[in-house]
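Step one of this worksheet: look at the structure below.
What follows is calculated from the coordinates using simple rules that are stated; it is not laboratory data. Everything numeric here is computed off the predicted structure, so don't read it as measured data. Methodologically, a virtual Cβ is constructed for each residue, glycine included, from the backbone with ideal geometry; neighbour enumeration extends over all protein chains shown.
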């Protein structure tokens, strides 16, 4: 019966891209995507708006919605105040 031999660690070398091996500068990294969801303040109303964006950076949904923000703006122009 043969004893089990210990496993020997093999030397590990980092893979080097051809450009790095040739002494060229690495390509610049892409800018990170914006946080999703993002918060913004609607200063005229004093309301925080949560916006969800797609991969292209376009707003696809917001809370409150644009329709609700328009209603808040119209109420502020009329001077309406919430009951309470």
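As a calculated quantity, the FRET efficiency between residue 58 and residue 80 at R0 = 35 Å, using C-beta atoms, amounts to about 0.65. Sorted from greatest to least, the principal axis extents spanned by the alpha carbons of the range 33-84 come out as 39, 17, 15 Å.
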